[in-house]
Amino acid sequence: MTARIPLSAPDITSAEIAAVTAVLRTPHLSLGPELAAFESKLAAYHRVEDAVAVSSGTAGLHLALLALGIGEGDEVILPSFTFVAVVNSVLQVRATPVLVEIDPVTLNLDPAAVEHAISPRTRAILAVHTFGIPAQMDVLKDLANRHHLALIEDASEAIGARFDGRIAGSFGDLAVLGFYPNKQITTGEGGAILARDPAHAARLRRLRNQGRDSNIDWLDHAEPGYNYRLSELACALGRVQLRRIDEILPLRRQAAGRYDALLADVPGLERPPLLLPRRELSWFVYVVRLPEGAGRERVQAALLRQGIATGRYFAPIHLQPAWRASSAADLGDFSLTESIAWRTLALPFFNRITPGQQREVADALREAISCAA
Ligand SMILES: Cc1ncc(COP(=O)(O)O)c(C=O)c1O
């Protein structure tokens, strides 16, 4: 059933439509001026040396790991409470994902659990800024430095978030962004890797484009690579979306504030924090934790009957059949992840969600929860 109030919705204005249409009037549909412009704006926004646009966030994670030389026999530490692409990319380079527990407030890597998981084979920490909340970057960076590990940020859900005033994506050796249509800014499909080292950026560009160096013939390949290019149409869309980001992020912050007020009186419901010390949040999704015993599937079904979509963000990786089959690694203790994950519910959340729609969602949720009580 298509929901009347969707979980997410892209925010495309006439400016995006004009920019994409203009590309169609040129001979450049790939590897043209829009790519260069989008990349330089992304790098400037994040205050990093360079940005390399790719065809998805998943492709970005894959190339980031390759560019750092991570492969077979290496361990990469990441949270279990995340999107499956994060672990898949580690498996794709034949490295071993080592899943660890999260912090109950930020839902990000628990630095103590990361430290505990470091072994002689650890090569990298993959810090995901889940739901747009920055991870504890000072401690994670310090851990990476002390143990000579690479630090990769997955800022796919957190464009524009800040930790201690510094923008997410500017801490790691490399950082990945994702622009799927449910994200704060979208290119349809797409992603990018932020790089501080020009050598990394050059390697990423080569890997993205079938192993070609920029100065060699189209049929010469310096190394094996991929087609992870992002089209000029997508880059034009992303460039305009990024230009609007200072309008987009406040809209999402205001929508989160409205939910917070509307849901304050629902007994047993835990709302996400609006403010956290040392952090500026970039609202990706609005995820509540249902009261114990509310029955998430029943609540979801009740809302859907009223045309309201919801999501189970996230199903822990270590409980996925695909993950269980693919690794022999010790699964450790995930009691916190499990106790949180089975109660989470993402509510409809997008730039243009109206106060009326949010009231409808809040009323339906209150009603569904009270039926279980
Ligand atoms: C944290 C995180 N990493 C990576 C991805 C993958 O991005 P994409 O769907 O663009 O491949 C996503 C979601 O889409 C994500 O939420």
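The values are calculated or read from the model by the stated rules, or taken from the named source; none is laboratory data. The structure presented is a predicted model; accordingly, all values stated were derived computationally and were not measured. Here the Cβ is made from the backbone with ideal geometry for all residues, glycine too, and neighbour counts use every protein chain on show. Side chains included, ligands, DNA and RNA excluded: accessible areas come from the protein's heavy atoms. Shrake-Rupley method; radii C 1.70, N 1.55, O 1.52, S 1.80 Å.
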- [ ] Hey, for a label at S119 modelled as a point 7 Å past Cα toward Cβ, could you say which residues of the stretch 39-76 have their backbone N under 12 Å away?
- [x] 73-76
Task: Net lengthening on full extension, D220/A322 (0.36 nm per residue, minus Cα-Cα) - done: 33.0 nm
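Give me the percent of DSSP beta bridges within the chain that run antiparallel, rounded to the nearest 5.
Expressed as a percentage, antiparallel bridges in the chain total about 60.
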TODO: Please say if the stretch 112-271 is rounded, prolate or oblate, where rounded means a/c under 1.5 for a ≥ b ≥ c the square roots of the C-alpha gyration tensor eigenvalues, and otherwise the choice is prolate for a/b larger than b/c and oblate otherwise?
DONE: oblate
- [ ] Extending each Cα 7 Å along its Cβ direction at E297 and A9, get the distance between those two points in nm, one decimal.
- [x] 3.0
Open item on the list: For a quick check, take a GNM of the chain with Cα springs below 10 Å and name the residue from L230, L207, L274 with the largest mean-square fluctuation.
Closed with: L274
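For the stretch 245-372, rounded, prolate or oblate, judged on the Cα gyration tensor with a ≥ b ≥ c (square roots of eigenvalues), a/c < 1.5 rounded, else prolate if a/b > b/c?
Details: a/c = 1.94, a/b = 1.35, b/c = 1.44.
Since a/c reaches 1.5 but b/c is at least a/b, the shape of the stretch 245-372 is classed as oblate.
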- [ ] Sticking to Cα atoms, compute the Rg of the chain to one decimal and its Dmax as the biggest Cα-Cα distance, whole number, in Å.
- [x] 20.7, 68
TODO: Compute the length gained on full extension between A372 and E247: take 0.36 nm times their separation in residues and subtract their Cα-Cα distance, giving the result in nm to one decimal.
DONE: 41.1 nm
Task: Value of relative contact order over the stretch 14-243, rounded to a whole percent, pairs C-alpha under 8 Å and six or more apart - done: 27
- [ ] Would you please classify the overall shape of the stretch 52-196 from the alpha carbon gyration tensor, given that a ≥ b ≥ c denote the square roots of the eigenvalues, rounded means a/c under 1.5, and beyond that prolate means a/b larger than b/c while oblate covers the rest?
- [x] oblate
Open item on the list: Give me the percent of accessible area attributable to carbon and sulfur for the chain, probe 1.4 angstrom.
Closed with: 54
Open item on the list: How large is the translational diffusion coefficient of the stretch 143-202 in µm² per second when you combine the Kirkwood radius over alpha carbon pairs with Stokes-Einstein at 10 °C and 1.306 mPa s?
Closed with: 128
Open item on the list: Stokes-Einstein diffusion coefficient for the stretch 107-167 at 10 °C in a medium of 1.306 mPa s, Rh from the Kirkwood formula over Cα pairs: what value in µm²/s?
Closed with: 134
Task: Inter-label distance for D142 and R312, nm, one decimal - labels placed 7 Å from Cα along Cα-to-Cβ - done: 3.8
Open item on the list: Per residue, how large is the accessible surface of the stretch 245-372? Use a 1.4 angstrom probe and give square angstrom.
Closed with: 47
Task: Average accessible area per residue (Å²) across the stretch 14-243 - probe 1.4 Å, nucleic acids and ligands excluded - done: 38
